[in-house]
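A short worksheet on the structure shown next.
The values are calculated or read from the model by the stated rules, or taken from the named source; none is laboratory data. A quick note: this is a predicted structure, and the numbers were derived from the prediction, not measured. Using ideal geometry, Cβ is built from the backbone for each residue, glycine included, and neighbour counts are taken over all protein chains shown. Surface areas here come from the heavy atoms of the whole protein model, side chains and all, with no ligands, DNA or RNA. Shrake-Rupley method; radii C 1.70, N 1.55, O 1.52, S 1.80 Å.
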Amino acid sequence: MKSIKVLIAGGGIGGLALAVALRERGISAEVFERAKGFGNTGSGIELTPNGVKSVDRISPRLGEAVRSAGWSSDRHASDMPIMSWDGKLLKSREVGNFPAKWGAPMIGILRADLHRILAEAVHRPGSAPVTVHHQATVVAASSAGDTATVRLTDGRTVTGDLVVGADGVRSTLRSLVAGEVPPRYLGFTSVRGISKRPAQHGDGFVFVGPGGHFFAEAFDDTRLFWTATVNAPEHSWPAKPAERAKADLLELWGEWSAPLPETVASCALEDMVVTDVHDCPPLKRWHTGRVTLLGDAAHPIGPVLGQGANMALEDVASLACLLSEHDVPAALRHYGRVRSRRANKIVQHSRLIARLGHTTNPLVGRLRDALIKSMKRREETYRDKELFSYSP
């Protein structure tokens with residue numbers, strides 16, 4: 001099989017993970033990242049068993065580094081409770097059983113730590129060269145015959161064998177691949193933070209209640225990260241200063257059961273991030289010629305299932321394995337077929353759960369709570385059967 005070079009638009013988790021996965025398989029890559037450097041942004045990520053297994057497939061060494069940097073469910077002393085706003089237990093996530101049940105643990109890790117580990121892995125010597133270009137924004141891509149090209153903001157063009165758009169929810173390359181498919185606002189904003197681990201439910205917990213959802217998970221011995229999703233008009237919460245956003249969240253949910261209020265209260269303002277939440281209608285195709293997509297560029301997912309980063313890592317493991325075993329056209333055909341089916345199902349499931357989870361209707365809220373008590377479908381997303389068995 002002839003050597004190929006992959007051009008990656010975006011140096012986030014998906015883009016860097018793909019560069020690592022390709023280098024591990026002897027495939028060279030160039031990453032084009034618009035930012036000046038890799039900053040300390042975001043709060044935390046829950047890597048569920050499917051995501052952890054994807055990391056292991058990308059690189060066993062990478063899997064070891066992620067386990068060392070994060071808080072693994074192997075070490076959790078108790079289950080993670082899912083509670084109603086007033087503290088009634090609806091369901092327990094038996095996270096300690098995940099390795100036996102799903103083949104890998106759950107890992108809580110800071111987004112910045114995962115990004116750092118990937119950046120370090122990219123820059124280690126390997127069997128194929130990887131180059132990361134900062135302040136290099138891809139504004140267009142094209143494909144002709146056996147070549148693919150990206151054009152940067154400064155007018156430069158770079159040519160390779162494949163272009164991968166890993167450029168996020170507002171992807172520049174999505175329109176080239178799938179036509180105009182703009183992100184759609186889900187009706188709620190996300191407030192994320194880092195806090196001290198409370199004495200009660202210090203490993204992590206979930207609350208559901210009128211108009212919102214709160215998730216927290218430990219990432220080391222003393223701290224946890226959390227995500228609150230709140231019904232709101234688009235753009236309203238991101239416009240608030242961090243101090244105002246924190247105060248408003250405590251005003252909205254200050255009467256919810258412990259340890260939610262104390263968790264929010266102990267968050268430093270510099271550790272808070274506020275963003276509106278978007279997803280995207282399922283794409284009819286994932287590649288055109290030799291240009292394809294992965295991660296949020298292909299399937300933005302709301303945070304209620306915690307599958308955004310995990311789906312991106314699945315994309316990476318699938319695409320890298322395929323490119324190492326098949327020519328580019330065959331790899332892209334199978335990648336688009338298998339990954340679109342899987343990811344689109346998760347996007348639709350997440351959207352349904354978001355609607356139920358953010359209801360303000362008491363009757364629908366009771367239905368939501370009843371479904372949580374009996375719900376097994378969330379954990380079914382961890383099942384990755386046949387994801388890495390290919391026959392293009």
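Quantify, in whole percent, the carbon and sulfur part of the accessible surface of the range 83-151 (1.4 Å probe; protein heavy atoms only).
50
With each pseudo-label sitting 7 Å past Cα toward Cβ, what's the GLU255-LEU367 distance in nm, one decimal?
The two pseudo-label positions are separated by 2.5 nm.
Rounded to two decimals, what ratio of Rg to Rh does the chain give with C-alpha atoms and a Kirkwood Rh?
0.96
Skip the ligands, DNA and RNA, and give the accessible area per residue of the range 106-224 with a 1.4 Å probe, whole Å².
In whole numbers, the range 106-224 has 40 Å² accessible per residue.
Net charge around GLU217, counting only other residues with Cβ within less than 9 Å of its Cβ (Lys, Arg = +1; Asp, Glu = -1)?
Spelling it out: positives minus negatives among the neighbours equals -2.
Within a Cβ distance under 11 Å of ALA228, other residues only, what is the Lys/Arg minus Asp/Glu net charge?
After counting each charged neighbour, the total is +1.
Could you tell me which GluC sites (Glu not before Pro) in the range 189-246 are loop residues by DSSP with no more than 14 other beta carbons within 10 angstrom of their beta carbon?
When the GluC sites (Glu not before Pro) of the range 189-246 are filtered for loop state and at most 14 Cβ neighbours within 10 Å, GLU234 remain.
Give the angle, between 0 and 90 degrees and rounded to the nearest 10, that separates the Cα long axis of helix 328-357 from the longest principal axis of the Cα atoms of the chain.
Once rounded, one gets 10 degrees.
How far is the Cα center of the range 103-131 from the Cα center of the range 147-202, in Å?
18
Rounded to the nearest 10 degrees, what's the angle between the helix 13-24 long axis and the longest principal axis of the chain, both from Cα atoms, 0 to 90?
Tilt of helix 13-24: around 50 degrees.
Among DSSP beta bridges whose residues both lie in the chain, state the antiparallel percentage, nearest 5.
70
Per q in 0.17, 0.19, 0.20 1/Å, what log10 I(q)/I(0) does a Debye calculation on the alpha-carbon atoms of the range 233-392 return?
Values returned for q = 0.17, 0.19, 0.20 Å⁻¹ are -1.08, -1.21, -1.27.
Taking only DSSP H segments of four or more residues, each worth -39500 (n - 2.57), what value at 222 nm results for the chain once the sum is divided by all its residues, to the nearest 500 deg cm²/dmol?
So the helix-based figure for the chain works out to -11000 deg cm²/dmol.
Using only Cα atoms and rounding to the nearest 10 degrees, what angle (0 to 90) does helix 49-58 make with the longest principal axis of the chain?
The angle comes out near 30 degrees.
Under 1.5 on a/c is rounded, so check that first for the range 114-234, then, if it is not, pick prolate when a/b is larger than b/c and oblate when it is not; a ≥ b ≥ c are the square roots of the alpha carbon gyration tensor eigenvalues.
Oblate, since a/c reaches 1.5 and b/c is not below a/b.
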